[in-house]
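Working notes, beginning with the structure itself.
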Amino acid sequence: MLSPLSIGSKVFDWKEIPYFVGILNVTPDSFSDGGRYFNLKNAILRAKELLEEGADIIDVGGESTRPFSNSVSEEEELQRVIPVIKAIKEEFPSAIISVDTYKSKVAAEALKVGADIVNDISALRFDKNMLNVIKDYNCPVIIMHMQGTPKTMQINPVYDNVIEDIKKFFKNRIEFLVEQGISFEKIIIDPGIGFGKTFEHNIEILKNLESFYELNRPVLIGHSRKSFIGKIINKPPQQREGGTIGVSIFTYLKKVHFLRVHKVDFNKDAIKVFKILIN
């Protein structure tokens with residue numbers, strides 16, 4: 001049984017799962033909505049929309065991590081995300097904000113201006129100082145599984161057993177982070193759909209979500225508009241919302257804790273209706 005988790009002003013008690021993480025990309029080159037929210041005004045309007053749609057958390061990212069993407073400099077990422085997080089927090093003080101970064105300086109500055117949680121695709125491996133930032137701010141952290149880097153992760157990803165390999169990775173990372181002084185209760189895990197995974201790997205992860213619950217940590221799934229959905233329905237990213245909702249309903253049946261999506265209202269409404277019909 002998971003203990004309740006406090007993030008910002010909200011207590012996540014797992015009674016109404018899944019909780020929704022709304023995606024706010026402040027990048028010019030995101031695979032799905034590149035450039036749409038790149039300026040401050042549009043980013044704030046999108047944050048407002050996400051809150052109205054029912055997002056529990058807004059995840060702000062300033063570097064595209066789509067397959068084969070190049071990294072951006074620390075300075076560039078700071079310029080992209082810090083003004084946005086600061087402005088959202090000023091406009092919507094009770095909003096819960098996650099910063100999607102693997103750079104410790106970006107995480108520290110984001111937490112300083114109001115972010116509540118760090119979402120690190122590298123599981124605190126790319127920047128060794130990230131560990132100290134999480135400890136200093138005593139904040140929750142999302143750790144994700146990924147093979148390689150965004151630049152290389154989709155070049156022939158191979159596993160002995162994708163589920164067991166990812167579970168072993170999380171066991172080792174959680175053990176290490178706890179030994180280093182990070183609270184076990186503040187760790188959320190993300191199997192990393194599309195991050196160093198083939199189509200078949202992604203499907204297998206979704207079909208076996210229960211395996212990750214054995215680690216006794218909340219599980220986040222970030223499937224929204226991903227290429228595995230495109231492969232099934234043969235549509236570009238902006239037209240994959242129906243497929244995204246299909247996955248969301250499936251993961252609801254699997255009792256997943258967090259869903260990270262672009263259109264919170266569509267996914268939330270679909271699950272709400274589905275919930276009534278099956279009960």
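The values are calculated or read from the model by the stated rules, or taken from the named source; none is laboratory data. Quantities reported herein were computed from a predicted structural model and do not represent experimental measurements. Heads up, the Cβs are rebuilt from the backbone with ideal geometry, glycines too, and the neighbour counts pull from every protein chain shown.
Quick notes on this one:
- Pairs, first in contact (Cβ under 8 Å) with a residue 40 or more places away in the chain and farther than 18 Å from residue 150 by Cα in the range 51-79, second in a helix (DSSP H, G or I) and among the β-branched types (Val, Ile, Thr), C-beta under 6 Å, six or more apart: 53/264; 54/264; 55/264
- When restricted to residues that are part of a helix (DSSP H, G or I) and within 21 Å of residue 142 (Cβ to Cβ), the range 251-270 contains 5.
- Qualifying residue in the range 267-274 (condition: within 17 Å of the chain's Cα centre (by Cα), modelled with pLDDT of 95 or more and at negative phi): yes
- Residue satisfying condition, being more than 21 Å from residue 245 (Cβ to Cβ) and assigned to a helix (DSSP H, G or I), within set 206, 215, 177: 177
- Complete set of residues in the range 174-204 that are touching a helix residue (DSSP H, G or I) at 6+ places or on another chain (Cβ under 8 Å), more than 16 Å from residue 130 (Cα to Cα) and buried (at least 22 other Cβ atoms within 10 Å of the Cβ): 189, 191, 192, 193, 194, 197, 201, 202
- Selection of the range 79-89 for residues being farther than 14 Å from residue 45 by Cα and within 19 Å of the chain's Cα centre (by Cα) yields 80, 81, 82.
- Total residues in the range 129-173, condition among the aliphatic types (A, V, I, L, M), exposed (fewer than 15 other Cβ atoms within 10 Å of the Cβ) and not in a loop (DSSP other than H, G, I, E, B): 0
- Taken as a whole, the condition of being within 21 Å of residue 154 (Cα to Cα) and touching a Lys or Arg at 6+ places or on another chain (Cβ under 7 Å) applies to residue 224.
- Here residue 55 clears all of (1) at pLDDT 95 or above; (2) out of contact with any Phe, Trp or Tyr (no Cβ under 8 Å at 6 or more places or on another chain) except the condition numbered (2).
- Test: residue 20 is of a type in the set (Phe, Trp, Tyr), modelled with pLDDT of 95 or more and out of contact with any Phe, Trp or Tyr (no Cβ under 6 Å at 6 or more places or on another chain): yes
- Scope the range 62-86; condition in contact with a Leu (Cβ under 7 Å, 6 or more places away or on another chain) and under 18 Å from residue 117 (Cβ atoms); matching residues: 84
- The residue that is farthest from residue 192 (Cα to Cα), counting only those in the range 223-239 that are in contact (Cβ under 8 Å) with a residue 40 or more places away in the chain and surrounded by 21 or more Cβ atoms within 10 Å (Cβ to Cβ), is 225.
- Residue in the range 103-124 that is surrounded by the most Cβ atoms within 10 Å (Cβ to Cβ), counting only those that are in contact with a strand residue (DSSP E or B) (Cβ under 8 Å, 6 or more places away or on another chain) and within 9 Å of residue 82 (Cβ to Cβ): 110
- Residues that are under 20 Å from residue 241 (Cα atoms) and among the hydrophobic types (A, V, I, L, M, F, W, C) number at least 3 in the following helices (runs of 4 or more DSSP H) confined to the range 1-118: 40-53.
Let's see how each residue does on (1) in contact with a strand residue (DSSP E or B) (Cβ under 9 Å, 6 or more places away or on another chain); (2) hydrophobic (A, V, I, L, M, F, W, C):
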| site | (1), (2) |
| --- | --- |
| 216 | no, no |
| 224 | yes, no |
| 229 | no, yes |
| 235 | no, no |
| 238 | no, no |
| 246 | no, no |
| 253 | no, yes |
| 266 | no, yes |
| 277 | no, yes |
